[in-house]
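Below you'll find the structure, written out as structure tokens, and then a few comments.
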Amino acid sequence: MTVNSSTSMSRRGLLGAFAATAVTAAPTFANAAGFLRGAGDIRRIKMYSGRTGERIDMIYWIEGDYIKDAVKEVNYFMRDWRTNDTVTMDLRTVDIMAAAHNLMDPNEPYMLLSGYRSPKTNAMLRARSSGVAKNSLHMRGQAADLRLNSRSVSQMAKAAAVCRGGGVGRYSGSNFVHMDCGTVRTWGR
């Protein structure tokens, strides 16, 4: 049963705005989070991989602290599935992904197309496509390519761009959005 009340909508809007603000302030947020203790704030990420069949749905941050075991699972989930190599993902990217997902409020998890990419994988993809950057942020664990069946590329890109936490690329022809924690910028159609 779905109940739409002005209180829950206002709370959702407030939480969405806070998530976008928190992502923008991510570089200094860790030092300023003390005032949030006890506020009940959480960050959750929901994804599945069409390549491996794996799913992840977890709270990875509570009241100013990342949950170490949850972060390890996110790192493994976002590994280079071709080589099975893992890195420590830059959590600013995960925060952007979670905030954008929260703003869109879909009934489905992201489909992760690409998280971390090993240099070997990046070189192979670059040889096949001019759209793959030589020094891709994927190789630093700072980017993800994502899809939602219930949202358009435009809707996803707008939600990620509102976070103002990094780069947002629209790949309408391939039906995915690139999100990263690099310089704030947008590209694509």
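The values are calculated or read from the model by the stated rules, or taken from the named source; none is laboratory data. In this text, all values refer to a predicted model and were calculated from it rather than measured experimentally. A quick note on method: Cβ atoms are made from the backbone with ideal geometry, for glycine too, and the neighbour counts reach across all protein chains shown. What goes into the accessible areas is simple: the full protein's heavy atoms, side chains included, and nothing from ligands, DNA or RNA. Shrake-Rupley method; radii C 1.70, N 1.55, O 1.52, S 1.80 Å.
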Tell me, what % of the accessible area of the range 37-189 is carbon and sulfur with a 1.4 angstrom probe?
46 percent
Can you bin the range 42-187 into rounded, prolate or oblate? Criterion: square roots of the alpha carbon gyration tensor eigenvalues sorted a ≥ b ≥ c, rounded for a/c under 1.5, prolate for a/b above b/c, oblate for the rest.
rounded
Restrict the search to the range 64-157; then list the trypsin sites (Lys or Arg not before Pro) that DSSP places in a loop and that have at most 14 other Cβ atoms within 10 Å of their Cβ.
R82, K134
Accessible area (Å², per residue) of the range 52-143, counting only protein heavy atoms and a probe of 1.4 Å
50 Å²
Given that compact globular proteins tend to follow 2.2 N^0.38 Å, what is the ratio of the alpha-carbon Rg of the range 102-189 to that value?
1.05
All lysines inside 25 Å of K158 as judged from Cα atoms, apart from same-chain residues fewer than 8 positions distant
K46
